[in-house]
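As structure tokens, the structure follows; a few thoughts come after it.
The values are calculated or read from the model by the stated rules, or taken from the named source; none is laboratory data. Being a predicted model, the structure only gives us computed values, none of them experimental. Using ideal geometry, Cβ is built from the backbone for each residue, glycine included, and neighbour counts are taken over all protein chains shown.
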Amino acid sequence: MAGSAINLWQAVWPAPAKLNLFLHVVGRRPDGYHLLQTVFRLIDCCDRIRFDPRNDGKVRLLQPIPGVPEESEFCVRAARLLQQETRCGHGVTITLSKSIPVGGGLGGGSSDAATTLMALTRMWDIEVSRARLAELALGLGADVPFFLLGQNAFGEGVGERLTQIDLPPAWYVVLVPPVEAPTAEIYADSALTRDTKSIKILGFSDGFGHNDLEPVVCRRYPVVSDYLGWLRGRNIAAARNARLTGSGACVFAEFSTEREALAVLANLPQHMRGFAARGLDRHPILGMLE
């Protein structure tokens, strides 16, 4: 391992969440995968990951999340896949501190996987092309290539065709309904609309579009509809444009300033959960790797 990499073992590595500012299902491939168009936005709600070297070549997760087998955890899968791809003999113990709600459509697991790939490629001093790393990322999940890109992006295909996009500064109120929406079940629902008209990237603007998965999620989980209804009921134009992110269950609204976001959040009923987050221009890990 390179000397510069050794210092990075002391770091705490961020894995930011994302929002889908819109999500259109524009078709379906013969293999059953859905074709999408979306804009991914990074936000400053982050999981945190620590990596400690092992001499036995194993990848282990310190304090696994209850109910989630260690081998199913995205960051463990990412580390083992990187080992297999590069025939790397190094081991690692991973300490994962979760802040991103699980099953909320915020991409927490995918982000954990991407951070693991980026961090360990550097710390294990591995030579792997960016193109091959992107292929590995896609094998872990459709959102992982976006987090690996590290910038806000217009996404197409199954989410892997990415074009970097500049977005204006923004703050978000993100509400967290007390349910998890299984992605596969939402996409398999017969009521899902799969023929939204495709747009060109230049057709995107602030407040554009909708989330095609939202009606399905709201029908299956009425509490999500309740949370959306509360947000849209605020007497603020931005809140009336609230929508679902990903396949849910989290919902969000965009605001120009932190003050506006916090003012909405201050009125959140006690039985509801939510937080304010700032939109990011780039993945915070990029500054650590430069």
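Taking segment 263-282 only, how many residues are farther than 27 Å from residue 147 by Cβ and of a type in the set (A, V, I, L, M, F, W, C)? If you could, list the steps in order and put the result at the bottom.
First, pick out the residues of segment 263-282 that are farther than 27 Å from residue 147 by Cβ: 263-264, 266-272.
Filter again for of a type in the set (A, V, I, L, M, F, W, C), leaving 263-264, 266, 268, 272.
Residues flagged as farther than 27 Å from residue 147 by Cβ and of a type in the set (A, V, I, L, M, F, W, C) within segment 263-282 amount to 5.
Would you pick out the residues in segment 77-112 that are assigned to a loop (DSSP other than H, G, I, E, B) and within 16 Å of the chain's Cα centre (by Cα)?
Narrowing segment 77-112 to residues assigned to a loop (DSSP other than H, G, I, E, B): 87-90, 98-107.
98, 99, 100, 101, 102, 103, 104, 105, 106, 107 - these are the residues of segment 77-112 that are assigned to a loop (DSSP other than H, G, I, E, B) and within 16 Å of the chain's Cα centre (by Cα).
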Here the residues within segment 178-192 that are out of contact with any Lys or Arg (no Cβ under 8 Å at 6 or more places or on another chain) and either surrounded by 16 or more Cβ atoms within 10 Å (Cβ to Cβ) or part of a loop (DSSP other than H, G, I, E, B) (or both) are 179, 180, 182, 183, 187, 190, 192
Listed by range, helices (runs of 4 or more DSSP H) wholly within segment 202-273 having at least 2 residues that are more than 25 Å from residue 168 (Cβ to Cβ) and under 22 Å from the mean Cα position of the chain (by Cα) are 214-220, 222-232
Only unsatisfied item for residue 223, checking (1) of a type in the set (A, V, I, L, M, F, W, C); (2) loosely packed, with under 14 Cβ neighbours inside 10 Å; (3) outside the structural domain of residue 112 (by TED's automatic domain parsing); (4) modelled with pLDDT under 95, is (4)
With the first residue restricted to segment 164-190 and required to be farther than 30 Å from residue 200 by Cβ, and the second required to be part of a strand (DSSP E or B) and of a type in the set (Val, Ile, Thr), Cβ contacts under 8 Å at 6 or more apart or on different chains are 175/251; 177/251
Checked against (1) modelled with pLDDT under 95; (2) buried (at least 19 other Cβ atoms within 10 Å of the Cβ); (3) not assigned by TED's automatic domain parsing to the domain that holds residue 102, residue 159 satisfies every condition except (3)
Within segment 46-91, residues touching a strand residue (DSSP E or B) at 6+ places or on another chain (Cβ under 8 Å) and on the phi > 0 side of the Ramachandran plot come out as 57, 63
A careful count of residues in segment 34-48 that are among the aliphatic types (A, V, I, L, M) and under 15 Å from the mean Cα position of the chain (by Cα) gives 3
> in contact with a Phe, Trp or Tyr (Cβ under 7 Å, 6 or more places away or on another chain) and more than 24 Å from residue 120 (Cα to Cα), is that true of residue 22?
Replying inline: yes
